[in-house]
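**Q** What follows is a single structure, and I will ask about it in a moment.
The values are calculated or read from the model by the stated rules, or taken from the named source; none is laboratory data. All of these numbers come straight from a predicted model, not from anything done at the bench. Cβ placement follows ideal geometry from the backbone for every residue including glycine, while neighbour counts extend to all protein chains displayed. What goes into the accessible areas is simple: the full protein's heavy atoms, side chains included, and nothing from ligands, DNA or RNA. Shrake-Rupley method; radii C 1.70, N 1.55, O 1.52, S 1.80 Å.
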Amino acid sequence: YPAWRAGEFVSRATESNGPSHLIFLVANHFEPGLGQTALRRLEKWCELARATGDALRDHDGTPFRHTNFFPAEQYERPLLDMLSGLQADGYGEVEIHLHHGVEQPDTAKNTRRQLETFRDVLAEEHRCLSREQRGSQPKYGFVHGNWALANSAGGRFCGVDSEMQILRDTGCYADFTLPSVPFQSQVPRINAIYQCGHALNEARPHRSGKNLRVGDELQLPIIFTGPLVFDWTRRVRGLPVPRVEDGALAQNYPLTMDRFARWRSAGIGVKERPDWIFIKLYSHGFFDWDQDLMIGEQMKRFMSEVLETAERTGEFKVHFASAREAFNMVAAAVAGEEGQPGAY
């Protein structure tokens with residue numbers, strides 16, 4: 001963390017003098033459950049998503065929404081039919097989430113089978129995933145259940161060292177799991193959009209790797225992290241006691257402009273394009289206690305204040321993006337494109 005902060009201090013010398021573009025995306029670890037109870041919960045969620053999306057529009061007129069990473073092992077057709085309708089209306093895209101290796105380590109063969117089967121069901125039967133061109137293999141964004149991406153939790157909740165290679169082979173364009181503090185699966189690379197620095201058939205190949213820069217050649221999947229910084233505002237007996245700010249949308253961490261400032265301070269983006277800042281937040285959509293904050297009235301009030309501040313100060317412009325759209329913006333920045341990220 002100190003090394004990252006030192007690097008940020010140096011890099012700020014190259015920052016743009018004009019307004020910055022803040023690109024918000026929410027990686028929702030979307031687990032509504034099963035059966036009729038899940039359908040009722042999902043109906044309520046869709047109502048919230050549409051209402052908040054209608055109330056909050058960004059600089060480009062795009063509605064606020066989450067990217068719903070749905071767990072492959074919990075697939076039920078009625079749930080995905082409802083979610084695909086929400087996506088078709090522009091209020092939240094669907095990507096892939098996977099819990100595996102929980103009771104015993106999974107195998108590479110079974111992991112590949114699960115990912116390919118769920119990918120094809122989402123793409124062919126629900127029209128949820130993206131493609132580079134008509135007829136090509138579906139692409140997807142990914143979040144690993146229990147944070148254990150590429151067997152990074154010491155063998156628990158995964159068991160497949162070659163998982164990153166499997167993700168690449170099956171069409172994953174980016175992983176959105178991190179950060180995962182305080183768990184063992186957290187790697188040293190923080191506050192970055194980067195490429196794996198080790199062979200993809202190794203465990204934890206994302207433990208190091210270079211930041212994406214303008215002019216790089218993309219090697220998929222990229223690793224797309226959210227903010228991980230210290231919050232020094234908490235006091236215990238009058239003394240500052242740091243709290244970890246990891247972009248979680250949860251009731252025990254209220255939305256404030258101080259949090260917003262910390263998200264910005266992480267400076268996550270493509271090197272040599274400092275005016276495009278990506279703020280990846282995360283949530284667990286069916287922790288009912290948190291819903292009002294993550295996509296209800298509390299989020300409306302907070303994001304309205306952010307949008308009003310952008311309009312009043314002219315210091316930044318706000319863009320709401322899905323995981324797929326944020327990846328496309330990253331790819332545009334790497335390709336040297338300029339101007340409004342929403343165009344890409």
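**Q** Scattering from the C-alpha atoms of the chain alone, worked out with Debye: what is log10 I(q)/I(0) at q = 0.07, 0.08 1/Å?
**A** -0.27, -0.36
**Q** I've got another one for you. So for each of 147-158, 117-128 I average, over its residues, the number of other beta carbons within 10 Å; can you give me the resulting order with the highest mean first?
**A** Sorting 147-158, 117-128 by mean packing, highest first, produces 147-158, 117-128.
**Q** Which value, in Å², gives the accessible area per residue of the chain when a 1.4 Å probe is used on the protein heavy atoms?
**A** It amounts to 43 Å² per residue over the chain.
**Q** Roughly how many percent of the accessible protein surface of segment 154-289 is carbon and sulfur, given a 1.4 Å probe and a whole-percent answer?
**A** About 53 percent, which is the carbon plus sulfur part of the accessible surface.
**Q** Looking at this model, which pairs from LYS109/LYS271; LYS44/LYS271; LYS109/LYS139 are more than 31 angstrom apart at the alpha-carbon?
**A** Violating the 31 Å limit, Cα to Cα: LYS109/LYS271; LYS44/LYS271.
**Q** 7 Å from Cα along Cα→Cβ at both THR313 and ARG134: what's the point-to-point distance in nm?
**A** Taking the two extended label points, one gets 4.7 nm.
**Q** Sum -39500 (n - 2.57) across every DSSP H segment of at least 4 residues in the chain, then divide by the residue count to get the 222 nm mean residue ellipticity, nearest 500.
**A** -9500 deg cm²/dmol
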